[in-house]
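Note sheet for the following structure.
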There are 2 protein chains.
Amino acid sequence: MGAENGQKSLLERIEMPEIPMEVAQEFALLEQRFIRAETERLRRSTVENRPLWEKRSEIISKVQDDFWVRVLSHAPAEIDEYIQHADAAVLGSALKDLTVERFEVDDKGNGEPRSLRFTFVFRTGEENPFFENEKLVKEFYWRKKITKTSKGKRRTWEGLVSEPVRINWKEGMDLTKGLLDAACDLAEAEKKKGGDRKKLPEFEKLAEKMEELEAAAMEDNEEDEEDFPTPAGTSFFGFFGYRGNVVSAEESKEANKEDDERFEKALKGEKFDDEEDDDDEEDDEEDSFDEIEIFPDGEDLAIALAEDLWPNAHKYYGQSFEIGDDYSEIDEDELEDEEDEGEDEEDNSRPRKKARV
Amino acid sequence: MGAENGQKSLLERIEMPEIPMEVAQEFALLEQRFIRAETERLRRSTVENRPLWEKRSEIISKVQDDFWVRVLSHAPAEIDEYIQHADAAVLGSALKDLTVERFEVDDKGNGEPRSLRFTFVFRTGEENPFFENEKLVKEFYWRKKITKTSKGKRRTWEGLVSEPVRINWKEGMDLTKGLLDAACDLAEAEKKKGGDRKKLPEFEKLAEKMEELEAAAMEDNEEDEEDFPTPAGTSFFGFFGYRGNVVSAEESKEANKEDDERFEKALKGEKFDDEEDDDDEEDDEEDSFDEIEIFPDGEDLAIALAEDLWPNAHKYYGQSFEIGDDYSEIDEDELEDEEDEGEDEEDNSRPRKKARV
């Protein structure tokens, strides 16, 4: 966007060098009020929706057990990008059922509604040539952590944390190529031995595995770029290895208590000047939990599964029956159109209407 | 996604030719239950959020009146695509305030929460060289319409309808090039004269105007493709001309009553077979209101403004102060990177993490 007719453009109007501190604090407090109201609503809707999810499971049980396979094959891009060829083969032949629960909310509507539990149910025995597990249950806890930065400022982290879940792969079938096992080994060793994670032999092993696979993926990428969407070559099953930040339930409870008290004081007009600015953040080093994360986008994927795939599953299922919606067809079209994508895509994806002048 | 290792892929598992009718009906009823529950929650949250929006307006009034200009300059793509160069110049120099209200919900939480009112406040006199209006108020009503198709099936339409809002452009300043005036003239003539819209001279005039501008836009597009994102050349101010379907309040009330009764009966297990299938839809002709629509994406834009720009405005405002977030800079980068977009964009937009193997 730029100026025309000698008028000021949107950005030329902007002259103020920075947001006034007082206003920034008021917006921050207001945003807290919005988040708290939204979280309370999520708590209520979780309880209200439960009978509807139960009803849906009942309907799903009436159709062939390809329901979730059809849903996943029509998943939105932010989920589909994590399903590689080999993952699709496993899910397609072995997945029987999937459930998503906001399990920390009780029937009275108390508890943290942002925590999530994913239960994947699979065929067993000869019907699943990939692994032994009948169920894979992955739980994510919404936790808060308050730390002090090197400058003595208060830094708040909030998000989903989880523990790696081991998959008992059959011989030669491990899609994560040993990465998930290495992540589970480290987590178990940490629990048993405690102390500095970096001094454990399992830490070294995981780091080596990650480097080795990263190098292999980069090589593959050069050979056949088209076949490996981001994140390059990572199996969907790496999701079960996601950990996130290290925050205990106890620590999170304390942090929430501290934040609740601050919030109440702020509502009464008390000012704080020990909160970290955006500028400070860049000076601090990377969070240490990143370096043992085998599936860095685990939180994003968990939220996409819970907020999009799960509530809209019956719609994606319906879409899988629509005429002309066939993958082999789409693949051919994609190959043909790839060169002049930009313009054409726009034209095809929307119904043609007359008045676009 | 395809098969590997001789296993069945996601889609090869799918053998059933179509969704069983009984299951489809059960899912449709369940979807109705979800929509009704969600609409009820929107009703409640509308009332709950009102004091927070008021508080926000109070904070906004403390900063220079570039708040909404900053917000619009950081609007998400699905809004930004409708703001052309000339629109940005007008908004940048003349917009003072913007309010979005779910105005049909009263203080007790009764009323349709999907109806929307947008109030744009502008500078006047010499400070606005474009038009005379101090306020432009655009109201959208959520309405329902039930019709019978040529095959005697029941078709339900639901969505936002509105009336064109005239802008008193100053001499030579009409960004819609007469299109909005023509749309307003037709709507007024319809009200005064009634009868078949297509027989009115104003209908002919609007159709001519639309064709003329479409031809001009196509010519411009050939000359300078980069400058005209979709919809080609349409001014943002065409939004004030959006109409949507023709459904009176009375007609919508009747349709809602009929649907509520059907819903109650369906809950008790009654089956219906007069509902239109997806297959039927294609046989019917295009909705007649499309041909007088000067801003076909009006409903999409209204929803994006209400569900994204409005609730997140204070966040977009904050983002407009972030270091390095400068439009002239971005423009240069975009030009340079355009050729190898795909890969690079992915790399730049996410923080680099170690474990992406």
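In A, who owns the beta-carbon nearest the axis carrying A over to B, and how many Å from it?
Result for the axis mapping A onto B: A:ARG41, 3.
For the stretch B:84-92, take each phi angle, set θ = phi - 60°, evaluate the Karplus expression 6.51 cos²θ - 1.76 cosθ + 1.60, and give the result in whole Hz per residue in order, putting x for glycine and proline.
7, 3, 5, 4, 4, 5, 5, 4, x
Please compute P(r) over all alpha-carbon pairs of the stretch B:130-270, binned at 5 Å starting from zero, and give each bin as a whole-number percent.
So the P(r) values, bin by bin, are 2, 8, 13, 15, 16, 15, 11, 8, 6, 4, 2, 1, 0.
With r as the distance between the Cβ atoms of A:GLU132 and B:ASP308 and R0 = 45 Å, compute the FRET efficiency 1/(1 + (r/R0)^6) and round to 0.05.
0.50
Top to bottom by accessible area (1.4 Å), largest first, where do A:LYS192, B:LYS253, A:LYS138 land?
Sorted descending by solvent-accessible area, the residues read A:LYS192, B:LYS253, A:LYS138.
Once you average over the residues of B:151-162, how many Cβ atoms of partner chains fall within 10 Å of each Cβ?
Mean partner-chain Cβ count within 10 Å for B:151-162: 0.
Put a label point 7 Å from Cα along the Cβ direction on B:TRP157, then list its distances to the equivalent points in the other copies in nm, shortest first.
Going from nearest to farthest copy, the values are 5.4 nm.
Report, for A:GLU261, each distance to the same residue's label point in the other copies, shortest first and in nm; define the point 7 Å along Cα→Cβ.
Label-point separations across copies, in nm and ascending: 6.1.
How many nm is it between the label spots at B:GLU78 and B:GLU212, if each spot is 7 Å from the Cα in line with the beta carbon?
Between B:GLU78 and B:GLU212, the label points sit 3.5 nm apart.
Fully extended, how many nm does the chain gain between A:LYS265 and A:GLU291 (0.36 nm per residue separation, minus their Cα-Cα distance)?
5.7 nm
With all distinct Cα pairs included, what does the Kirkwood hydrodynamic radius of the stretch A:140-184 come out to in Å, to one decimal, could you say? Each step should come with its number before you reach the end.
Working: mean 1/r = 0.0739 Å⁻¹.
About 13.5 Å for the stretch A:140-184.
What ranking of A:ILE35, A:ILE83, B:ILE146 comes out by heavy-atom accessible area, probe 1.4 Å, highest first? List each step's numbers first, then the result.
Numbers: A:ILE35 65, A:ILE83 10, B:ILE146 40 Å².
Result, largest first: A:ILE35, B:ILE146, A:ILE83.
In terms of Cα to Cα distance under 29 Å, which lysines are near enough to A:LYS268, apart from those fewer than 8 places away along the same chain?
A:LYS144, A:LYS145, A:LYS148, A:LYS151, A:LYS153, A:LYS253, A:LYS257, B:LYS55, B:LYS62, B:LYS108, B:LYS315
Enter the accessible area of B:ARG262 (Å², nearest 10), with the probe set to 1.4 Å and all protein chains included.
40
Going 7 Å from Cα along the Cα-Cβ axis for the label, what nanometre distances separate B:GLY195 from the same residue across the other copies?
Result for B:GLY195, in nm, nearest copy first: 9.5.
Eigenvalues of the Cα gyration tensor times 5, then square-rooted: what semi-axes does that give for the stretch B:42-195, in whole angstrom, largest first?
30, 25, 14
How much length, in nm to one decimal, is gained on full extension between B:GLU22 and B:GLU251, taken as 0.36 nm per residue of separation minus their Cα-Cα distance?
79.4 nm
Give me the Debye-computed log₁₀ of I(q)/I(0) at q = 0.27, 0.29, 0.32 Å⁻¹ for the stretch B:24-65, equal point scatterers on Cα only, no solvent, two decimals.
One equal scatterer on each Cα of the stretch B:24-65 leads to -0.85, -0.89, -0.95.
Could you sort A:MET173, A:MET210 by accessible area so the largest value comes first, with the probe set to 1.4 Å?
Details: A:MET173 55, A:MET210 10 Å².
Greatest to least solvent exposure: A:MET173, A:MET210.
Tell me, what ³J(HN,Hα) does each residue in the stretch A:67-82 have, in order and in whole Hz, if you take phi through Karplus 6.51 cos²θ - 1.76 cosθ + 1.60 with θ = phi - 60° and put x for Gly and Pro?
3, 5, 5, 4, 4, 5, 6, 10, 5, x, 3, 5, 9, 4, 4, 8
Could you name the lysines whose alpha carbon sits less than 28 Å from that of A:LYS209, not counting residues in the same chain fewer than 8 places away?
A:LYS135, A:LYS138, A:LYS170, A:LYS177, A:LYS191, A:LYS192, A:LYS193, A:LYS198, A:LYS199, B:LYS353, B:LYS354
How much accessible surface does B:SER61 have with a 1.4 Å probe, in Å² rounded to 10?
B:SER61 exposes around 90 Å² with every protein chain in place.
For peptide B:307-319, what's the mean number of Cβ atoms from other chains within 10 Å of each residue's Cβ?
For peptide B:307-319, the averaged partner shielding equals 2.
Find the all-direction average of the projected area of the Cα convex hull for the stretch B:46-134, expressing the result in square nanometres with one decimal place.
Over every viewing direction, the Cα hull of the stretch B:46-134 projects on average to 6.9 nm².
For B:ARG154 and B:GLU219, what is the calculated FRET efficiency with R₀ set at 41 Å and r taken between the beta-carbons, to the nearest 0.05? Intermediate results must be reported in sequence, preceding the final value.
Details: r = 44 Å, r/R0 = 1.08.
That gives a FRET efficiency of 0.40.
Please work out how much accessible surface B:VAL247 shows to a 1.4 Å probe, ignoring ligands, DNA and RNA, in Å² rounded to 10.
Surface accessible to solvent at B:VAL247 totals approximately 10 Å².
Please average, across the residues of B:182-188, the number of beta carbons from any other chain that are within 10 Å of each residue's own beta carbon, and give a whole number.
Taking the mean over all residues of the peptide, I get 0.
The values are calculated or read from the model by the stated rules, or taken from the named source; none is laboratory data. Note that the structure is predicted; figures quoted are calculated from it, not measured. Every residue, glycine as well, gets a Cβ built from its backbone with ideal geometry; the counts of neighbours run over all protein chains shown. Only protein heavy atoms, including side chains, enter the accessible area calculation; ligands, DNA and RNA are left aside. Shrake-Rupley method; radii C 1.70, N 1.55, O 1.52, S 1.80 Å.
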